[in-house]
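Input: a single structure, listed below in structure tokens.
The values are calculated or read from the model by the stated rules, or taken from the named source; none is laboratory data. Remember, predicted model here, so these are calculated numbers, not experimental data. Every residue, glycine among them, receives a Cβ derived from its backbone with ideal geometry; neighbour counts consider all protein chains shown. With ligands, DNA and RNA removed, areas are computed over all heavy atoms of the protein, side chains included. Shrake-Rupley method; radii C 1.70, N 1.55, O 1.52, S 1.80 Å.
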Amino acid sequence: MIELDDLRKTYHLPGRDVVALAGVDLEVAPGEVYGVVGESGAGKSTLLRCVNLLERPDTGTVTVAGQELTSLRGEELRKARQQIGMIFQHFELLAQRTVAANVALPLELAGVKRRKRDLRVDELLDLVGLADKAAAYPAQLSGGQKQRVGIARALAAGPAVMLCDEATSALDPDTTRSILGLLRDITSRLGVTVLLITHEYEVVKSVCDSVALLKDGKVVEKGPIASLLSTP
Ligand code: ADP
Ligand code: ADP
């Protein structure tokens, strides 16, 4: 469902080059929850940004749901990106918009008509257990509730794939558990494939089917979670 082939990315800073990705290969099967774990600076954010082409790799290919994104530009790329939802460490909700209006945003961008959009938003808020918060503003919500909104928004356009950028790093352990449980539950129910990055091995252990360990821009180990459980 997600295939990364020999991704390379170097940042050119004044006076020095930083190799963020040094040839990353990764294959995520349909329906899988795949975790990329590594220390700060390992290249996780760069990797995730390359999957939806927020960042263009120097070389290598990204294929999502059978479409090679790295060969697309402009409108074609924008369309293909609707296959990809994303949630963020700091939620990235729009403060001036209600919960419902935040969730509706991807549908507006996709040109979905008002009536259909409203029905879909109700359905999504039900799914994440926030039906009673539709008219609230992000500032009125707890961290866990904000991330539930983030999940609903990420799923709004019916993506095949969901990318999670340190999605629970700003949350306390109990909330982390409940958000990971919800994520696992909903994505498996909807058949959405998940790629998450985290610096917390606990997150990977509790929710992922497979894991890759990223170090200095390289995958140094990968496989089914059970086979890597001995890794500290
Ligand atoms: P991680 O998410 O694992 O912390 P990053 O992908 O953010 O790793 O960073 C990998 C390396 O690339 C780091 O050395 C970081 O400083 C560098 N880097 C990341 N983004 C940029 C950028 N936009 N410009 C220059 N260097 C960057
Ligand atoms: P995260 O906590 O997601 O790893 P970072 O603090 O690494 O975030 O990066 C935040 C932003 O700063 C990103 O857009 C990244 O590309 C950029 N960035 C990271 N490292 C550098 C760097 N050394 N020079 C310039 N930009 C960087």
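What to note about this one:
- Length released on extending from residue 215 to residue 59, taking residue separation times 0.36 nm less the Cα-Cα span: 54.3 nm
- Beta bridges per DSSP, both residues in the chain: antiparallel share near 55 percent.
- DSSP bridge analysis restricted to segment 130-232 gives an antiparallel fraction near 55%, rounded to the nearest 5.
- Diffusion coefficient of segment 1-56 by Stokes-Einstein, Kirkwood radius over Cα pairs, 37 °C, 0.692 mPa s: 268 µm²/s.
- Against the compact-protein benchmark of 2.2 N^0.38 Å, the Cα-based radius of gyration of segment 83-207 scales to 0.99.
- Counted over the chain with a bin width of 5 Å, the fraction of Cα pairs per bin, in whole percents, is 1, 7, 15, 18, 19, 16, 12, 7, 4, 1, 0.
- Full-stretch length increase - residue 97, residue 17 - with 0.36 nm per residue and alpha-carbon distance subtracted: 24.8 nm
- Solvent-accessible heavy-atom area per residue, rounded to whole Å², over segment 83-174 at 1.4 Å: 47
- Residues of type lysines that residue 9 reaches as a straight line, Cα spacing below 16 Å, ignoring anything fewer than 8 places off in the same chain: 44, 215, 218
- Seen from a random direction on average, the alpha-carbon convex hull of segment 1-113 projects onto 9.3 square nanometres.
- Here residue 131 and residue 174 are evaluated by their C-beta separation; at R0 = 25 Å the FRET efficiency comes out at 0.70.
- To put it simply, the accessible area of segment 40-171 at a 1.4 Å probe is 48 percent carbon and sulfur.
- Approximate spin-label separation residue 39-residue 227, in nm, with each point projected 7 Å along Cα-to-Cβ: 2.6
- On full extension, the segment bounded by residue 10 and residue 67 gains 18.1 nm, given 0.36 nm per residue less the C-alpha separation.
- Rounded D (µm²/s) - segment 144-232, Kirkwood Rh over Cα pairs, Stokes-Einstein at 20 °C, 1.002 mPa s: 155
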